[in-house]
Amino acid sequence: MVAARALGLDLALQGGGAHGAFTWGVLDRLLAEERIWISALSGASAGAANAAVFASGLVTGGREGAAAALARFWEAIHRSGRSAGPLLPMMEAFPATFEALSQMWSTMLGNVTLPSSPDMGARTQALLREVFAEHIDFAALRRPEAPRLFISATDVRTGNARIFENEELSSDVLLASACLPLLFPPVTIDGVDYWDGGYSANPPIFPLIQNSPNDDMLLVTINPMSRADTPRSAAEISNRLTEFSFNQTLIKDMRGLVLIQNEVGPLAFGKGLLARLRRLRVHEIHDEATLGAMPAGSKMMPVREVLEHLHDAGRDAADSWLAAHGEDLGRRGTADLATRYAP
């Protein structure tokens, strides 16, 4: 076990609905790398769910337990999607209709005049609450040996991020972190209403840096940063605006981090936050080609074939990253933040 902890690594997991299956694949591959020990994770929305399932499985069953827990969780997400209505079973029965139905769903979401109430999503929330309760041991997350978790939700009244840690986690917290306001009613926790954490911290970066002893942080991003073409239809425009919104907090955090490391970092010393930021080595795994090609509506459609495709893509991306940069862990950062997140 001592050898396995030689390379401590923190994970920051972005949200993106069913596209979070890509992160599942990344985690699967990292679990097979015994020289890496993941001791802290942050996340929003699907990233939050992946983080909680991963940590729960790791505490109760080790690496194999974490991998098995993630597989069971995503299978349950698929089953709950089938239970929520007839659209998903139709898409799976007639695969050729997948893109057309995804486009239809995207168009519906992009139509701001759609006479619908978020309260209609309460049934889906209830299904998700059951999935979280069944597949996450929240008591295990409170054990001293559990990886530290930092889960974001957005305070509806202020727009600020609320970061929930291990001792506060529950099914409702994860529902709040994944609460898209046009689709679901707000989740109320201690008298405060919350929406999706992706609007305010996607994923939380500085709480992770400040509270973990590790100097290596790996971002797993699933929302495309750039696209080759300008969107034209209402659905495409709505999807791109959502991507802007969900990427903006990460962009700001990364630009701030670059500024601190370049300008303030040389003056930092000791054990404070500035010293930690100076030592921080940042890495990133993403697959813009695969995720950018997915229909926008597929984020809300956990079709088995799509989940498996994204899982395999995530595992391949992690494998390629480890082959190229695995030896850099503990030595140097491998993400070119100044280029990827430049103004």
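The values are calculated or read from the model by the stated rules, or taken from the named source; none is laboratory data. Quick caveat, the model's predicted, so the values are computed rather than measured. Here the Cβ is made from the backbone with ideal geometry for all residues, glycine too, and neighbour counts use every protein chain on show. Just the protein is used for accessible areas: all its heavy atoms, side chains included, with ligands, DNA and RNA removed. Shrake-Rupley method; radii C 1.70, N 1.55, O 1.52, S 1.80 Å.
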Fully extended, how many nm does the chain gain between GLU305 and GLU168 (0.36 nm per residue separation, minus their Cα-Cα distance)?
45.9 nm
Exposed GluC sites (Glu not before Pro) absent: longest stretch of the chain, with sites in DSSP loops and at most 14 other Cβ within 10 Å deemed exposed:
146-343
About the Cα centre, and with charges only on the beta carbon of Lys, Arg (+1) and Asp, Glu (-1), how big is the dipole of the chain? Nearest 20 debye, please.
600
In debye to the nearest 20, the charge dipole size for the stretch 227-343, taken about the Cα centre with +1 at each Lys and Arg Cβ and -1 at each Asp and Glu Cβ, equals 700
Relative to the longest principal axis of the chain, what angle (0 to 90°, nearest 10) does the C-alpha long axis of helix 98-110 take?
90
Give, in nm to one decimal, the length gained when the segment between ASP316 and ALA126 is fully stretched (0.36 nm per residue of separation minus the Cα-Cα distance).
65.1 nm
Taking 22 Å as R0, compute the FRET efficiency from the Cβ-Cβ separation of ILE237 and LEU183 and round it to 0.05.
0.75
Taking 0.36 nm per intervening residue step and subtracting the Cα-Cα distance, what contour gain separates GLN210 from ARG35 on full extension?
60.6 nm
Would you mind giving the three semi-axes, in whole Å and largest first, of the ellipsoid equivalent to the stretch 187-268 according to its Cα gyration tensor?
28, 21, 10
7 Å from Cα along Cα→Cβ at both ASN262 and ARG82: what's the point-to-point distance in nm?
5.1
Using a 1.4 Å probe over the heavy atoms of the protein chains, calculate the carbon and sulfur portion of the accessible area of the stretch 156-261 as a whole percent.
53
Where only C-alpha atoms are counted, convex hull volume of the chain per residue in Å³:
138
Using the alpha-carbon atoms, what tilt in degrees (0 to 90, nearest 10) does helix 304-325 show relative to the longest principal axis of the chain?
20
Antiparallel bridges, percent of DSSP beta bridges restricted to the chain (to nearest 5)
35
Would you mind working out the accessible area per residue for the chain, using a 1.4 Å probe, and quoting it in Å²?
44
Inter-label distance for THR339 and PHE244, nm, one decimal - labels placed 7 Å from Cα along Cα-to-Cβ:
2.6
